[in-house]
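Enquirer: Please see the structure below; I have some questions.
The values are calculated or read from the model by the stated rules, or taken from the named source; none is laboratory data. Here the structure is a predicted model, which means the values were calculated and not measured. All Cβ positions, glycine included, derive from the backbone under ideal geometry; neighbour counts span all protein chains shown.
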Amino acid sequence: METLELFVPGCIGTCWYGKYHYMEPWAGCAHDCPYCYARFRSPVKNSVKNLGASFNGPRPLFPEAELLDRIEKEANSGKINILKLCRFTDMFTPEFVENGLAFKVLSVLVKSKVKRIIITTKGLPDAKLLGLIAANPEKFSYNAAVRPSAINKNNPLTKLFY
């Protein structure tokens, strides 16, 4: 049974193959996009099932301390230069932004040997996450693909839209 892996090499068939890795710290996604392809992928479905979760109620692949430890070890292994977050979920899943897990994951990555962290997200970071990204511009590429329903005028990022 195929399940999500915390780190996987980039996709075959792309010009960047072998030059980047994906990281999936959790299974599932809270954004409930109508066009979502991830919910139907067998590694995602199997991982969500194994975690006793639903796709719309994402869960970390490992308990927090173990997750952060695994990320730190792999990110400092010297094998990963460019890291894309994430293929089947969203780094800024609201629950993990609110409880600080997204910040902890990015903090580990900022201190690691990874040279570039690419974030494409539908979620909204909080001020603490934006501060971490702004303080480390040499590490981050950040692409927001914000759904209109996610826009909240109290979030610092959305001030760009108003």
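Enquirer: Tally the residues that are closer than 19 Å to A38 by Cα and not in a loop (DSSP other than H, G, I, E, B), restricting the search to region 109-129.
Expert: Selection size over region 109-129: 4.
Enquirer: (1) surrounded by 15 or more Cβ atoms within 10 Å (Cβ to Cβ); (2) in contact with a Ser or Thr (Cβ under 7 Å, 6 or more places away or on another chain): which one isn't true of N50, the others all being true?
Expert: Among (1) surrounded by 15 or more Cβ atoms within 10 Å (Cβ to Cβ); (2) in contact with a Ser or Thr (Cβ under 7 Å, 6 or more places away or on another chain), the lone unmet condition for N50 is (1).
Enquirer: Of the residues that make up region 99-108, is at least one at pLDDT 95 or above, surrounded by 18 or more Cβ atoms within 10 Å (Cβ to Cβ) and not in a helix (DSSP H, G or I)?
Expert: No, region 99-108 has no match at all.
Enquirer: Next question. How many residues does region 57-68 contain that are in contact with a helix residue (DSSP H, G or I) (Cβ under 9 Å, 6 or more places away or on another chain) and not in a loop (DSSP other than H, G, I, E, B)?
Expert: Qualifying residue count for the region: 6.
Enquirer: A further question on this structure: Can you find a residue that is crowded, with 16+ Cβ neighbours inside 10 Å and among the acidic types (D, E) anywhere in region 75-94?
Expert: yes
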